[in-house]
Structures are given as C-alpha cells and as structure tokens.
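Coordinate-derived values only; no laboratory data. Please read all numbers here as calculations on a predicted model, not as lab measurements. Note that we place each Cβ from the backbone using ideal geometry, even for glycine, and neighbour counts take in every protein chain shown.
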C-alpha cells in the first residue's frame, strides 16, 4: 500500500475510534442521568432516542460532576480509551510507515 494512502486510512481509523468512543460515552452518560432536562436539548431524536452532541459530555462533566462523579468517571474512561486507542493507531502507523524496506518497492 502506498505510504500516503496508508497514512490517510490510519488517520481515518484513529479519528473514527476517538469519535465513536466520545459518542458512546456521551450517550451512556445521558442514559445514566435519565435524560434529565438539565442536560439540555438533544441534538436530534431518532425513533424516540435522544442523541446528544458528543462534546456535551465535557459540558455536563463540568456542570454535574459533583452530583454524579461515578457516572462521569466511567464516561471519561470510555472517552479516554478512545483517545488512547486512536493515538496508538496513529503512532503505530507512523512507525510502520517509517520502515525503510517499505519504500524500496515504490522507488
């Protein structure tokens, strides 16, 4: 695979991991907080399920951590896992692409 194509694919995979974990963490926190009106309005609603913007997790964490610290500790762990996994994919891909033998076949 060409180095640029590989870098793009790995970047997309890393971004997908980070985004997915943040969406999951946000939706899980909203569910654990019983979709309280204090969470604000949902981004959209699909088949009766309220979907919140992924970054709302951080807003809620600042506002409601003292009321539900265990919820935000777990949601934060899920979000952090996605960041670590995405970073690992990016760093691992960069290390893999840095191998000189990969470039011999394209010269």
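Which angle between 0 and 90 degrees, to the nearest 10, do you get for helix 3-32 versus the longest principal axis of the chain when only C-alpha atoms count?
With rounding to tens, the tilt is 10 degrees.
Ordered by packing density, taken as the mean number of other Cβ atoms within 10 Å over each peptide's residues, highest first, how do 35-41, 69-75 rank?
69-75, 35-41
The list [x] 46, 39, 27; [y] 60, 30, 15; [z] 40, 28, 22 gives values of Cα extents along the principal axes in Å, and only one came from this structure; which label was calculated from it?
The value computed from this structure is option [y].
Which value in deg cm²/dmol, rounded to the nearest 500, describes the helix-derived mean residue ellipticity at 222 nm for the chain, given -39,500 (n - 2.57) per DSSP H run of n ≥ 4 and division by the residue count?
-23000 deg cm²/dmol
Rank 84, 18, 46 by mean-square fluctuation in a GNM of the chain with C-alpha springs under 10 angstrom and give only the top-ranked residue.
Maximum fluctuation in the GNM of the chain, among the listed residues, is at 46.
What do you get for the angle between helix 69-97 and the principal long axis of the chain? Use alpha-carbon atoms, 0 to 90 degrees, nearest ten.
Approximately 10 degrees, to the nearest 10.
Which of 34, 21 comes first, and how do the rest follow, when ranked by fewest Cβ neighbours within 10 Å?
Least crowded to most crowded, the residues run 34, 21.
What residues of the range 73-93 lie in the reach of a label at residue 49, counting those whose backbone N is under 19 Å from a point 7 Å from the Cα along Cα→Cβ?
Of the residues in the range 73-93, 75, 78-79 have backbone N under 19 Å from the label point off residue 49.
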